[in-house]
Amino acid sequence: MPDPNLPPGQQLAAPGRWPPIGERAPRPWKKPWRLLVDGAVWQPTVWSIDELKEIDTCRRTIDIHCVTRWSKLGVEFEGVPLSSLLHEVRPAAMARYANFAAHSMRDHTTSLPLADLHRLDALVAWAADGEPLSEIHGGPLRLVVPGRYFYKSLKWLTRVELMAEDDLGYWESTAGYHNHADPWREERYMAPALDRAEARRRLADRDFAGADLRSIDAADYGLDGLRAAGALLRDADFRRARLRGASFDRANLSNAHFDGADLREASFVEADLEGASLVGADLRGANFTGALLTAVTFFASSGEAQDAQLDAATRIDPAAIEHLMPDQADRLRRALG
Ligand SMILES: Nc1nc2c(c(=O)[nH]1)N[C@H]1C(S)=C(S)[C@@H](COP(=O)(O)O)O[C@H]1N2
Ligand SMILES: [Mo]
């Protein structure tokens, strides 16, 4: 029986494991941490974390669902309900969206409709499972939005700006992550603006090098020797494709589908394969040196689908295997001998 709390296409992280994703640390900052809530409000306000604790403190048990297919169920966050903060600042009638900004190197952002934030009971959190939030997981202060993929839960939260119009966040605009992000509806990606004529030409030429072909449908294609170095291929569909000797060096293949593909002697040097699926792929002689393998799936959880095929010539860094879900890592180590 699949876990009823596990949305479609997700796999469980082992208890006690919480993979860090995205940025690793905030920009250097002076104490105390401050949160500003402003924009379309009558009472713009700045709080320290101690002041936030005085407004309202609550504990909520929340399931984390990352868009790259791992979930961690039942994390107890402690923080202040975002609704309590919004109550304090008195939103103007025109306010419909909240923009969240991080104190980080790229000033990371995300956004959500106010109605969703109230309904989902979003939290501004400073602790998880009884410990202060570690820096890598967004400490000292992060947003936690239950019922949305975790990219909506911004780390190192420093500003909430209320707006009349939506403003797409960092991942939503650069990676094509879906702006609604409901894991139960698998809202992982928005349909990208893929030029169909160009996609057809590139498939015929077997030349994807450097191109933005996110979510391209290449399932069942004969693409032996494909040149795809440096290509943007998030969410691309290569199921059952023939890709013998293809080069995906430095390509972005986050959440790409390679189930059942022939990838003998294919090269994935320094490629980003976060959340990709390689179930039943033929990986004999494939080279994954320097590739990012966070939450990659090689083996189906049930017995139905065929396992990935590996041999002594398949190259995978031992350090990269640590980034797989534990059950995948165990099975991969066994398969590699
Ligand atoms: N500031 C900031 N917040 C962020 C990100 C980021 O890169 N920068 N990544 C998002 C994504 S994609 C995920 S899955 C979660 C990861 O949180 P974790 O590292 O605590 O697991 O943070 C989200 N919030
Ligand atoms: Mo994510």
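The values are calculated or read from the model by the stated rules, or taken from the named source; none is laboratory data. Note that the structure is predicted; figures quoted are calculated from it, not measured. Using ideal geometry, Cβ is built from the backbone for each residue, glycine included, and neighbour counts are taken over all protein chains shown. Protein only, heavy atoms only, side chains kept; ligands, DNA and RNA dropped before computing areas. Shrake-Rupley method; radii C 1.70, N 1.55, O 1.52, S 1.80 Å.
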Quiz prompt | Sequence of Tyr149, Tyr189 from largest to smallest accessible area, 1.4 Å probe | solution = Tyr189, Tyr149
Exercise. Using Cα centres only, tell me the gap between segment 173-222 and segment 49-72 in whole Å.
Key: 32 Å
Practice problem: Provide the solvent-accessible area of Asp205, counting protein heavy atoms only and rolling a 1.4 Å probe, rounded to the nearest 10 Å². | Solution: 80 Å²
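Within segment 155-263, what whole-number % of the accessible surface is contributed by carbon and sulfur, with the 1.4 Å probe and all protein chains included in the calculation?
Details: 2080 of 4880 Å².
Answer for segment 155-263 is 43 percent, counting heavy atoms of protein chains only.
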Quiz item: Among Arg200, Arg60, what's the order by accessible area (1.4 angstrom probe), most exposed first?
Solution: Arg200, Arg60
Practice problem: Give the ranking of Met325, Met105, Met94 by solvent-accessible surface, highest area first, calculated with a 1.4 Å probe. | Solution: Met105, Met94, Met325
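Over the chain, what lengths in whole Å, largest first, do the semi-axes of the equivalent ellipsoid take, defined as the square roots of 5 times the eigenvalues of the alpha-carbon gyration tensor?
Working: eigenvalues 307, 97, 55 Å².
Over the Cα atoms of the chain, the ellipsoid semi-axes are 39, 22, 17 Å.
Rounded to the nearest 5, what % of DSSP beta bridges with both residues in segment 152-261 are antiparallel?
If we restrict to bridges inside segment 152-261, about 10 percent are antiparallel.
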Practice problem: Determine which lysines satisfy two conditions relative to Lys30: a Cα distance under 19 Å, and not lying fewer than 8 residues away in the same chain. | Solution: Lys155
Quiz prompt | Net +/- balance of residues flanking Leu292 in space, Cβ distance below 12 Å, scoring K and R +1, D and E -1 | solution = -4
